[in-house]
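Taking it in order: structure first as structure tokens, then the write-up.
The values are calculated or read from the model by the stated rules, or taken from the named source; none is laboratory data. Keep in mind that what you see is a predicted model, and the values were worked out from it rather than measured. Note that each Cβ is placed from the backbone with ideal geometry, even for glycine, and that neighbours are counted across all protein chains shown. Please note that ligands, DNA and RNA were not included when accessible areas were found on the heavy atoms of the full protein model with its side chains. Shrake-Rupley method; radii C 1.70, N 1.55, O 1.52, S 1.80 Å.
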Amino acid sequence: MGARERHSGGGEQAAPDGIFAVDGPLAARKAGYRRRPEQVELARAVERTFRERGVLLADAPTGTGKSASYLAPAILRALRAGEKVLVSTATLALQNQLLTEDVPVVSAASSSLLGQPEEEGIAYSVMKGRRNFLCGQRHEDTLREGTLLDGKLGPGLERWAVETETGDREDLDFPVPAWAWLEVASDGEDCAPKSCRFRDGCFYYAHREKAQDADLVIVNHALLLANVASGGNIFDAEGRHLIIDEAHVLEDVMSEALGARVSYGRVRYAMRQAKKKSEGAVAHTDRAEMAAELFFGELEANGALGDEGAAPGSYGTLKDALLSVSEALANDPKEEANNLTGMVARLLGDLRFFYSEPEDEYAYAVVEGRRSFRRGRKGGVTGEPLPELKAWLVDTGEAFREGLLPLFGDGGVVLTSATLATGSGEGRSFSYTRGRLGLDGPLGGRTVREHLGSEVFDYAARCLLYVDEGEGAPRDAPHGVPAAEREAAAGAKRAEDLVALSGGRALVLLSTSRAVEAYRRVFDPPFPVRFQGDDSPGRLVRWLKETEGGVLVGTRSFWTGVDVPGEAVSLVVIDRVPFPVPTTPSSSASPSGRAGTGSAPSRCPGRRWRSGRGGTAHAPRFGPRRDRASRPQAPPQELGQGDPRKPPPAPVTSSLREVESFFREGHPPEDRTKTRPA
Ligand code: SF4
């Protein structure tokens, strides 16, 4: 049983302290540096966790400077003892931020502290998923086909493919929309490195091999969990310490990553790949695409799950067509066609999973789809979303405890976030996180410690919370305009008012991609504006930092931990709270107990999770099945002070005049004592 101890905050381990001294190496490298006791205490707790090979839950409120707190002990250990570390954070943008801003400074400061030349410091690298890299083979296939990459895209990519040294989408010097990039990006489903003639110069493998050797590797949670699902086959974590930043989102990412999703886009993508590699499959792929369009269209009206007999009428046709494609690929004389059999078989397996007898460990639902391209009635493509099938792993605790932790059996594991604890005052605790991550059970002798940092940011003096009391969509909106569009138009108008007062410099966070698209049509403030999807997340954040008065409109991927120092972001607009809003189920799973044969979806632990590198297939047991709507959530009274679902302790107003005064004076009205919205 893992022991539970409070960190004392005393000087048990002074190793990282020197780096944070007022006249120390960090101060010499960071403009406006000030020593924060909270930061030093957290660094000590992290150092102790590495030393003990334990597990640390650390709540570090905004302003603690948690990145330096965990990087300093990790880098000092790498320099002194050659110990390696893996840092996982929520998004690509945060990976880039750590790589370009935090790690170089802390690395240089650590070398300086130890009296070593900075240029001989640690090797550090970001590791990204393969879909971020141009695949030579797929690029050639697409050129040969001459279909999607027409116009300026084709020649632009051809030039870039020759010039680029990384093949990383982030380094593109012209915009390539996501759907086009997917056609040429590396994909594990059809990558056969042993027979690929581009293998020697493959951008993805070169990136992976280089990153693998670094002392400090930065991944994101999706890649971390993909590695868990593959049993550690994507990268070798052996002997490394693990730091999970933005750990409050880990259980959600885990729940999705180890669940399943079947969408029209996924079927269409698989069929396009099959068509490219096998002429014998073409007739079947066309049939499957047509059946998929019908099937996902029918889901709108028929969301019954867990029973083949109640499935939409086109389910059987889709299933048969996918089976025919799979057989055609398997029987094709070309190896490159055979390689795709697994991709189609997994798709078919996942589709069947939703109509088999429901399994206790998953929650199922028909959800609103993402925008995906499909054939329009008069040719061309249309991007209107179709509903999708989605399943979530309910009990993430066992997956974390038995799938992830053993991969880091030789190192310490630190989980940190500004909002990892729930509750407030004396009731602030990690009980919710411990439960969701399975940390109350046996951990093979590892000690779980807790660190509750104190509040650092002065919300009362430096922040004003404006609560809009508008009534939503205007009543005089034109007839025939959908409610969601009218709501977006009304929200965009109010956001424009706020952005006018802040002089731009704003991040507008919306609850869905659909809302972003609606804003794109109506949001028009007199400042430079960019929207999620216009470019890669990292480049959009960079644009925001560098563009005077810039306004960035995006969804939850920009919500977590995007660090824009200074005044480049002086206003954050959120369209809806609680935030983020889970994908709206339009229909949840039907009650269990119906006839059918169940099989775990392809991404689920039952099939692909291994108990350790090269270990035996593991079939864990999970708790009772719940609908998505009843997934365990922290009760409202237990939410942490900094939890995004609860407002920060700042003065509250509903007056635009007070907002105007705040931006003019630089502080909230002095007579404000109320710190919560009514
Ligand atoms: S090895 Fe795989 S990812 Fe690399 S070029 Fe070949 S097919 Fe593409």
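Using the Cβ-Cβ distance between Cys463 and Leu114 with R0 = 45 Å, the FRET efficiency computed as 1/(1 + (r/R0)^6) comes to roughly 0.70. Packing order of peptides 31-41, 51-61, 488-498, 516-526, highest average first: 51-61, 488-498, 516-526, 31-41 (average count of other Cβ atoms within 10 Å over each peptide's residues). By accessible area, using a 1.4 Å probe on protein heavy atoms only, segment 130-206 has 54% of its surface on carbon and sulfur.
Altogether, the Stokes-Einstein calculation at 4 °C and 1.567 mPa s, with the Kirkwood radius of segment 130-206 over Cα pairs as Rh, returns a diffusion coefficient of 104 µm²/s. Along its three principal directions, the equivalent ellipsoid of segment 84-155 from the Cα gyration tensor extends over semi-axes of 40, 13, 11 Å, largest first.
Over segment 130-206, with the other protein chains present, what is the accessible area per residue in square angstrom, probe 1.4 angstrom?
51 Å²
In the assembled protein chains, Trp179 presents an accessible area of approximately 90 Å² (probe radius 1.4 Å). If a spin label sat at a point 7 angstrom from the Cα of Glu158 along the line to its beta carbon, no backbone N atom of segment 97-141 would be nearer than 11 Å. Taking amide hydrogens as placed 1.01 Å from N in the peptide plane, the amide H of Val573 sits under 5 Å from those of Leu507, Val508, Leu509, each at least 5 positions away in sequence or on another chain. Label zone (Val522, point 7 Å along Cα-to-C-beta; backbone nitrogen cut-off 11 Å) within segment 489-512: 489-495. At the residue level, Asp320 shows approximately 80 square angstrom of accessible surface with a 1.4 angstrom probe and all protein chains present.
The length gained by stretching the chain between Asn338 and Ser454 to full extension, at 0.36 nm per residue less their Cα-Cα distance, is 36.0 nm.
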